[in-house]
Structure formats: C-alpha cells, structure tokens
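Asker: Quick one: this structure, given as structure tokens, is what I'll be asking you about.
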Amino acid sequence: MQKVIFRNCDESSPYWSELEGLFQSEWSGFKFKDTYEENVNLPPVITVLCDNVVIGGLAYSYFQEPHQVRDVVWINAVFVAPQWRGQGIASELINRGVRQVSSTVQTQLYAYTNITGLYQGLGWSVVDIESEPNHKVMSIELKR
C-alpha cells in the first residue's frame with residue numbers, strides 16, 4: 001500500500017474544498033458551511049492524503065441524540081475514494097474520529113450509515129431507533 005497521511009483540516013486548508021468535492025461525489029447536497037459555521041466547536045475534519053491528493057475524509061455535525069432532546073456530535077460523513085477502498089482507510093478514519101470526540105461532553109458518538117458491518121467490526125452497536133431502509137443509527141461508547 002502506498003503511504004497515506006491522515007491530517008486534521010479546517011477551512012483555511014488547501015484540502016478543504018477538495019474534500020468537500022469528494023463528499024459531494026457521494027452526497028450531492030453536502031456543504032461544509034452547513035455544519036462548520038463560525039464558533040460551532042466541532043472536532044476537526046480529518047483528511048486522508050496520498051501524494052498530496054485527497055483520497056478520503058471524515059466530518060462531523062451536531063444532531064439530536066437518539067431518545068434524548070439535546071444535540072450531540074455525530075460522524076456526518078466518511079468517504080474513501082473507490083480505488084482506495086478495502087485497505088483499512090475508512091476503519092482508521094472512524095477510529096481517529098472516535099478519539100477526537102471528548103467524553104466529557106457526551107458519552108456516546110453516533111453515525112447514520114448504510115455500511116453497518118464496517119462500524120460493528122470496530123465495536124459500534126446498532127441503536128434501536130427508526131431509520132430508512134438499509135440504514136442504521138450506530139453508536140459507540142466514548143472512553144473516559
């Protein structure tokens with residue numbers, strides 16, 4: 001496998017719009033400005049690079065906690081370019097994403113996904129809540 005680099009990134013990064021474009025190739029309506037507003041206090045976006053080209057990334061958003069009335073941090077997007085899949089990059093992104101969320105703020109991290117097996121293989125559990133067909137809300141307990 002070629003060497004890939006995981007790097008935190010924000011709107012001042014040269015990779016910001018490139019990663020947004022990658023996310024939009026999967027979710028056409030995705031826009032960083034919808035969630036990463038000024039003073040929003042989300043963990044940093046994670047970008048994956050190979051030879052200075054963005055090949056994947058992970059972003060967060062705030063959304064209502066299942067069975068609660070407060071908003072918490074969720075993993076909003078995880079994407080790896082098709083030619084880079086199957087090499088553990090998405091797993092590493094998710095694991096790094098979990099480590100970035102503070103357990104002092106919330107006890108669980110959530111994701112809404114159609115790739116439940118990937119998350120379950122990393123220790124996540126299905127949350128018993130209504131969701132679209134072929135999608136599940138997943139959660140993992142944050143370490144204190």
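The values are calculated or read from the model by the stated rules, or taken from the named source; none is laboratory data. Since this is a predicted model, take the numbers as computed values, not measurements. For neighbour counting, all protein chains shown are included, and Cβ atoms are generated from backbone atoms with ideal geometry for every residue, glycine included. Heads up: the accessible areas ignore ligands, DNA and RNA and are worked out on the full protein's heavy atoms, side chains in. Shrake-Rupley method; radii C 1.70, N 1.55, O 1.52, S 1.80 Å.
Asker: For the peptides 116-126, 92-102, what is the packing order when you average, over each peptide's residues, the other Cβ atoms within 10 Å and list the highest mean first?
Answerer: 92-102, 116-126
Asker: Which net charge results for the neighbourhood of Glu11, defined as the other residues with beta-carbon distances under 11 angstrom from its beta-carbon, given Lys and Arg at +1 and Asp and Glu at -1?
Answerer: Computed value for this residue: -3.
Asker: Next question. Loop only by DSSP, 13 or fewer other Cβ within 10 Å of the Cβ. Give me the GluC sites (Glu not before Pro) in the range 1-63 that pass, ordered by residue number.
Answerer: Counting only loop positions with at most 13 other Cβ atoms within 10 Å, the GluC sites (Glu not before Pro) in the range 1-63 are Glu11, Glu37, Glu38.
Asker: How about the range 71-105: which chymotrypsin sites (Phe, Trp or Tyr not before Pro) there are in a DSSP loop, with at most 10 other Cβ atoms within 10 Å of their Cβ?
Answerer: Here no chymotrypsin sites (Phe, Trp or Tyr not before Pro) fit, given the DSSP loop and packing criteria.
Asker: Please calculate how many Å² of accessible area the chain carries per residue, with a 1.4 Å probe and no DNA, RNA or ligand atoms counted.
Answerer: For the chain, the per-residue accessible area is 58 Å².
Asker: Now, a different point. Hey, what number do you get for the chain at 222 nm if only DSSP H runs of n ≥ 4 count, each worth -39500 (n - 2.57), divided across all residues, to the nearest 500?
Answerer: That calculation yields -5500 deg cm²/dmol at 222 nm.
Asker: May I pose another question? Just tell me which lysines come within less than 24 Å, Cα to Cα, of Lys143; anything on the same chain fewer than 8 places away is out.
Answerer: none
Asker: Express the carbon and sulfur contribution to the solvent-accessible surface of the chain as a percent, rounded to the nearest whole number, probe 1.4 angstrom.
Answerer: 46
Asker: Can you tell me which aspartates and glutamates have their Cα less than 13 Å from the Cα of Lys3? Leave out same-chain residues fewer than eight positions away.
Answerer: Asp51
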